[in-house]
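**Student:** Okay, here's the structure, questions in a sec.
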Amino acid sequence: MESMRGLRSWLVLAIGVVASAPAWSLEPDALFAKVEPSVWTVMASDAQGRGQMQGSAVVVGPGRLVTNCHVLARMTRIQVTKANVSYGARLEFPDPENDLCQLRVDNFQAPAVELAASEALRVGARVYAIGTPQGLETTLSDGLLSGLRRNDAGQLMFVQTTAPISPGSSGGGLFDAEGRLVGITSFTRRESQNINLAVPAYRITELPERGRELLARRVASPSPAEAAPGTAAVAAPLTAQRRAGDWFEYVITDALTKQKTPVNLKVDRVEGNRVVFNGGTRVEDLHGKLLEATSQALVELDMVTPPGGWAPDGQVMSGVRQINFTTSWQSQPANYDLRAVASPEQPLRVGDVEYSAVRIDLRGWHGRLFGNFITNVPYRATVWYAPALKRVVRFTVEFRTTAVAASASQTNETLELVRAGRS
């Protein structure tokens with residue numbers, strides 16, 4: 001009898017230990033199978049189906065998905081897709097302050113994910129990102145939870161990870177090893193190495209309340225400057241003179257993957273010859289020449305712009321000239337040896353807008369650090385500069401290096417100013 005009591009006591013103790021033990025981590029293939037049905041691709045465009053943007057979204061409830069608001073910026077038509085299945089979606093709750101937007105989809109049966117508790121997150125834990133990077137649907141990548149970024153009040157603002165996040169991943173899911181949602185993948189620091197950030201999952205629970213409050217404020221006092229993602233923007237036309245509230249929406253299109261990446265610039269203030277954008281992260285002169293930047297917003301255009309800009313001393317480049325200069329980004333050197341041929345002003349249509357623009361063709365050589373080697377490669381680019389707007393309105397660039405197999409690289413992209421206005 002005593003032995004039976006001992007056995008029962010041992011079983012009770014063993015069951016208690018098992019019940020209190022943490023759940024087993026899933027193997028990557030099992031984790032993918034568990035959460036992949038809950039991660040979808042988002043396609044957003046304007047009312048005419050133009051300017052299409054692509055991102056990712058995560059199912060968080062019956063007929064509800066969450067994505068990043070910047071995926072929907074100034075777009076009115078939204079679809080969520082997976083394989084050959086597509087559903088129309090509409091914006092339900094916007095929270096642009098946290099870059100989270102909730103979508104509603106009718107007759108949608110995909111399973112919702114489980115949210116991870118923010119207090120359980122630990123730096124060094126294994127995490128997995130699932131999204132649609134560069135248009136490659138439901139791609140799995142892994143890494144570590146590399147940081148928990150808090151504000152001065154101690155509130156968790158971002159989850160930092162080494163799991164890769166590329167254009168198209170925005171709005172996808174970052175999951176822990178048990179398949180619980182840690183955060184919504186938002187962006188990567190382009191100028192840094194492997195610093196990727198996600199909005200923590202607990203923000204999703206606050207989204208409906210914050211969204212209702214924001215929509216109520218907009219109904220009471222509509223403002224073009226606060227146009228909600230997924231709604232058409234209304235703004236006054238621009239002039240060449242920059243003012244606070246001027247905004248420019250560019251789209252970078254990768255010709256190889258067809259991936260489109262939006263770049264939004266908004267003027268905070270004008271200080272003499274200095275035009276300050278996006279909270280001071282970008283400063284230009286009055287002719288669009290980059291003076292300072294902590295983020296390389298326009299990517300290749302910022303790199304190839306010569307020291308005098310495209311309108312040195314206020315005079316747009318003309319004729320034929322040789323351009324030779326060296327620049328750098330985050331201590332990475334780049335040199336250009338180019339022949340620039342400028343054509344007279346000519347009409348150029350970008351989207352619904354026709355500009356009068358000077359075309360500047362650039363041909364020559366370009367040297368940059370590719371992998372671990374500085375390689376000189378042929379370089380071809382064309383700049384269209386609109387004097388009346390004092391900005392580049394279109395830019396195409398193409399170059400490729402295969403000098404070292406391990407660091408082969410190819411760039412073929414177009415940058416276009418798709419919308420601009422004054423709020």
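The values are calculated or read from the model by the stated rules, or taken from the named source; none is laboratory data. Worth saying up front: this structure is predicted, and the values here are computed from it rather than measured. Because the Cβ atoms are built from the backbone with ideal geometry, glycine has one as well, and the counts that use them run over all protein chains shown.
**Student:** Could you give me the residue pairs with C-beta distances under 6 Å whose first residue belongs to the stretch 68-84 and is touching a residue at least 24 places away in the same chain (Cβ under 8 Å), whose second residue is in a helix (DSSP H, G or I) and buried (at least 17 other Cβ atoms within 10 Å of the Cβ) wherever it lies, and which are 6+ apart or on separate chains?
**Tutor:** That search, which allows pairs on different chains as well, returns C69/P96.
**Student:** Looking at the stretch 351-363 only, could you name the residues that are farther than 19 Å from H287 by Cα and surrounded by 17 or more Cβ atoms within 10 Å (Cβ to Cβ)?
**Tutor:** Result: L362, single match.
**Student:** Separate question: Which pairs do you get when a residue that is under 20 Å from Y355 (Cβ atoms), found in the stretch 333-345, comes within reach of a residue that is part of a strand (DSSP E or B) and polar (S, T, N, Q), reach meaning Cβ atoms under 9 angstrom, with the pair 6+ apart or on two chains?
**Tutor:** Correct list of pairs: A340/Q322; E345/S356.
**Student:** Please tell me if V113 is closer than 21 Å to T162 by Cβ and in a loop (DSSP other than H, G, I, E, B).
**Tutor:** Here the answer is no, as V113 does not meet what is asked.
**Student:** Tell me, which strands (runs of 3 or more DSSP E) wholly within the stretch 314-353 include 1 or more residues that are farther than 16 Å from L389 by Cβ and modelled with pLDDT of 85 or more? Please lay out each step first, then the result.
**Tutor:** Working: elements: 319-329, 332-342, 346-350.
Correct list: 319-329, 332-342.
**Student:** Which one is surrounded by the most Cβ atoms within 10 Å (Cβ to Cβ), of the residues in the stretch 53-85 that are part of a loop (DSSP other than H, G, I, E, B) and not basic (K, R)? Can you show your working first?
**Tutor:** Step one: filter the stretch 53-85 for residues part of a loop (DSSP other than H, G, I, E, B), giving 62-63, 68, 73-76, 83-84.
Remaining after also requiring not basic (K, R): 62-63, 68, 73, 75-76, 83-84.
Details: P62: 12, G63: 17, N68: 27, A73: 20, M75: 24, T76: 18, A83: 8, N84: 5.
Among those that are part of a loop (DSSP other than H, G, I, E, B) and not basic (K, R), it is N68.
**Student:** What's the number of the condition Q160 fails, among (1) within 15 Å of the chain's Cα centre (by Cα); (2) among the polar types (S, T, N, Q); (3) not in a loop (DSSP other than H, G, I, E, B)?
**Tutor:** So the condition that Q160 fails would be (1).
**Student:** Here is a further query. Out of the stretch 279-295, which residues are of a type outside the set (G, A, S) and either surrounded by fewer than 17 Cβ atoms within 10 Å (Cβ to Cβ) or without any contact (Cβ under 8 Å) to a residue 12 or more places away in the chain (or both)?
**Tutor:** To start, the set of residues in the stretch 279-295 that are of a type outside the set (G, A, S) comprises 281-287, 289-292, 294.
If the condition is that a residue be of a type outside the set (G, A, S) and either surrounded by fewer than 17 Cβ atoms within 10 Å (Cβ to Cβ) or without any contact (Cβ under 8 Å) to a residue 12 or more places away in the chain (or both), then T281, V283, E284, L286, L291, E292, T294 are the ones that fit.
**Student:** A further question on this structure: Based on what the data block shows, is T326 closer than 26 Å to L72 by Cα and surrounded by fewer than 16 Cβ atoms within 10 Å (Cβ to Cβ)?
**Tutor:** Details: closer than 26 Å to L72 by Cα: no; surrounded by fewer than 16 Cβ atoms within 10 Å (Cβ to Cβ): yes.
Considered against the rule, which asks whether it is closer than 26 Å to L72 by Cα and surrounded by fewer than 16 Cβ atoms within 10 Å (Cβ to Cβ), T326 comes out as no.
**Student:** OK, next. Can you tell me which residues in the stretch 86-106 are part of a loop (DSSP other than H, G, I, E, B) and modelled with pLDDT of 90 or more? Talk me through it step by step, then tell me what you get.
**Tutor:** If we filter the stretch 86-106 for residues that are part of a loop (DSSP other than H, G, I, E, B), which is where we start, we get 99, 105-106.
Once the filter is applied, which keeps residues that are part of a loop (DSSP other than H, G, I, E, B) and modelled with pLDDT of 90 or more, the stretch 86-106 yields V105, D106.
**Student:** So, one more: Just one of T414, T401 is among the β-branched types (V, I, T), in the same structural domain as A311 (by TED's automatic domain parsing) and modelled with pLDDT of 90 or more; which is it?
**Tutor:** Numbers: T401 fails: modelled with pLDDT of 90 or more.
Every option except T414 fails the conditions.
**Student:** Can you run down the residue pairs with Cβ atoms below 7 Å, 6 or more apart or on separate chains, where the first is in the stretch 149-164 and in the same structural domain as P200 (by TED's automatic domain parsing) and the partner is assigned to a loop (DSSP other than H, G, I, E, B) and not acidic (D, E)?
**Tutor:** M157/N151; V159/L121; Q160/I195; T162/N194
**Student:** Could you figure out which of (1) touching a Pro at 6+ places or on another chain (Cβ under 9 Å); (2) at pLDDT 90 or above; (3) closer than 26 Å to A30 by Cα; (4) surrounded by fewer than 19 Cβ atoms within 10 Å (Cβ to Cβ) isn't true of G172?
**Tutor:** Checking G172 against (1) touching a Pro at 6+ places or on another chain (Cβ under 9 Å); (2) at pLDDT 90 or above; (3) closer than 26 Å to A30 by Cα; (4) surrounded by fewer than 19 Cβ atoms within 10 Å (Cβ to Cβ), the one that fails is (4).
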